[in-house]
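See structure below.
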Amino acid sequence: MEIRPIYTPPLARLIEQLQRLPGVGPKTAQRLALHILNRPENEVQALAKALIDAKKRVGLCKVCFHFSEQPICDICRNPNRDGQTICVVADSRDVIALEKTREYRGKYHVLGGVMSPMDGIGPEQLYIQPLVRRVTQEGVKEVILAISPTVEGETTTLYIGQLLKPFTKVTRIAFGLPMGGDLEYADEVTLARALEGRRELDESF
């Protein structure tokens with residue numbers, strides 16, 4: 001019995017690439033691929049150009065490691081931000097989530113992930129030493145640890161807290177989230193209250 005391919009090869013490749021995106025399964029990838037094929041060519045070209053431009057032009061801020069087109073991001077360059085307070089997060093998605101609350105006026109430091117020995121991610125693979133340098137060289141008065149309360153996140157929080165406590169006040173946000181919840185999925189009100197309710201790190205353990 002002859003087995004016929006379901007998709008023509010170019011469509012199959014498009015679906016395969018879309019499935020590489022986080023949270024996109026086979027059905028969603030198929031729906032997105034068919035939607036793209038049904039759009040006018042100029043729209044598809046605009047999407048392709050936006051993807052390529054973003055990849056080529058967006059890098060990491062040299063100060064906080066948040067995504068930025070410029071060597072130093074808009075938040076770090078903003079003179080109205082409180083440079084004596086740094087909020088430490090795992091990745092740029094958390095910066096975006098916290099900025100949506102419009103409650104935080106300090107600066108950020110993006111670690112680039114969390115410590116995970118099972119995945120071979122230790123302190124050396126994260127932007128932890130640049131954080132220590134910022135704290136010791138810039139007279140930072142408070143570091144707020146805003147890392148999702150997963151097992152790996154808790155390990156990272158404790159490790160950074162122990163490193164920084166000799167140099168500055170270290171607090172962590174109060175989570176209105178279940179253990180294992182992700183910061184990026186919390187709503188703005190929950191995050192705003194979490195920032196307001198932050199406490200000394202020692203009280204959290």
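Things to note:
- Here is the list for region 1-65: GluC sites (Glu not before Pro) lying in DSSP coil, each with at most 16 other C-beta atoms within 10 angstrom of its C-beta, are Glu2.
- FRET efficiency, 1/(1 + (r/R0)^6) with R0 22 Å, evaluated for Val151 and Arg20 via beta carbons: 0.25
- Using a Förster distance of 25 Å, the FRET efficiency for Ala12-Met118 (Cβ separation, nearest 0.05): 0.15
- Global form of region 1-121, assessed from the alpha-carbon gyration tensor, a/c cut-off 1.5: prolate
- Value of relative contact order over region 1-157, rounded to a whole percent, pairs C-alpha under 8 Å and six or more apart: 17
- Accessible area of region 35-133 divided out per residue, in Å², using a probe of 1.4 angstrom: 62
- Shown here for region 27-105: trypsin sites (Lys or Arg not before Pro) in loop regions (DSSP other than H, G, I, E, B) with at most 16 other Cβ atoms within 10 Å, namely Lys62, Arg81, Lys100, Arg102, Arg105.
- Within the accessible area of region 71-116 (1.4 Å probe), percent carbon and sulfur: 46
- For the residue pairs Lys100/Lys141; Lys107/Lys141; Lys107/Lys169, alpha carbon separations beyond 18 Å are given by Lys100/Lys141.
The values are calculated or read from the model by the stated rules, or taken from the named source; none is laboratory data. The model shown is predicted, which means the values in this text are computed figures rather than measured ones. Methodologically, a virtual Cβ is constructed for each residue, glycine included, from the backbone with ideal geometry; neighbour enumeration extends over all protein chains shown. Just so you know, the surface numbers come from the protein's heavy atoms only, side chains and all, with ligands and any DNA or RNA stripped out. Shrake-Rupley method; radii C 1.70, N 1.55, O 1.52, S 1.80 Å.
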